[in-house]
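A.B. asks: Mind having a look at this structure? Questions to follow.
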Amino acid sequence: MMEETSERPPTATENGSSAGAAAESGQTGETMALPTEEVARLTDEIIAALKTVYDPEIPADIYELGLIYRIDIADDRAVTVDMTLTTPNCPSAQELPSMVENAVASVAGVGPVIVNVVWDPPWDQSRMSDEARLVLNMW
């Protein structure tokens with residue numbers, strides 16, 4: 001499993017030796033990895049869904065703010081998202097993880113979704129994309 005903790009943007013990580021998500025084989029009952037194209041589709045659609053989630057106090061989406069540290073698509077299509085907040089005292093700390101979970105769960109083909117709020121490494125402005133910097137006028 002590969003983690004995205006120090007560089008932007010995060011991408012879907014892969015479990016095992018094959019591409020991330022999986023499908024059940026009808027003949028043998030074995031779990032088989034999905035094609036790379038399906039993992040790429042899920043990744044793109046999950047990122048698009050994350051870009052619809054905004055911190056209520058900041059006019060930029062959480063993905064462009066750099067709050068998403070890792071997206072992991074498991075062989076059973078379960079998705080784990082590691083995210084952080086701009087500060088441990090963030091007033092939206094209760095609602096943002098639920099908003100992320102709902103957004104990711106809305107993507108076709110995604111299984112169960114788990115959202116972990118992590119604090120290491122601590123978020124700082126260097127994680128923001130140029131798009132977020134432009135919206136927030138933080139050059």
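The values are calculated or read from the model by the stated rules, or taken from the named source; none is laboratory data. Fair warning: this is a prediction, and the values are worked out from it, not measured in the lab. Glycine gets a Cβ as well: all are built from the backbone with ideal geometry, and neighbour counts include every protein chain shown.
A.B. asks: Out of ALA23, ALA19, ALA48, which single residue is at pLDDT below 85 and either within 11 Å of the chain's Cα centre (by Cα) or not in a loop (DSSP other than H, G, I, E, B) (or both)?
C.D. replies: Just one listed residue meets the conditions, ALA23.
A.B. asks: Go through (1) surrounded by fewer than 20 Cβ atoms within 10 Å (Cβ to Cβ); (2) modelled with pLDDT of 90 or more one by one and return the number of the condition GLU7 breaks.
C.D. replies: So GLU7 meets the others, but not (2).
A quick yes/no check of all residues on (1) among the small types (Gly, Ala, Ser); (2) out of contact with any Ser or Thr (no Cβ under 7 Å at 6 or more places or on another chain); (3) closer than 19 Å to THR43 by Cβ:
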residue	(1), (2), (3)
ASP75	no, no, yes
VAL79	no, yes, yes
THR87	no, yes, no
GLN94	no, yes, no
SER106	yes, yes, yes
TRP123	no, no, no
SER129	yes, yes, yes
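A.B. asks: Does the stretch 67-114 hold any residues that are of a type in the set (Gly, Ala, Ser) and farther than 23 Å from ARG127 by Cβ, and which are they?
C.D. replies: ALA74, ALA78, ALA105, SER106, ALA108, GLY109, GLY111
A.B. asks: While we're looking at this one, here's another question. Residues being at pLDDT below 95 and touching a helix residue (DSSP H, G or I) at 6+ places or on another chain (Cβ under 7 Å): count how many of those fall in the stretch 110-139.
C.D. replies: Adding up the residues that qualify gives 2.
A.B. asks: With (1) under 15 Å from the mean Cα position of the chain (by Cα); (2) more than 23 Å from LEU34 (Cα to Cα) as the list, and TRP119 as the residue in question, which single condition is left unmet?
C.D. replies: (1)
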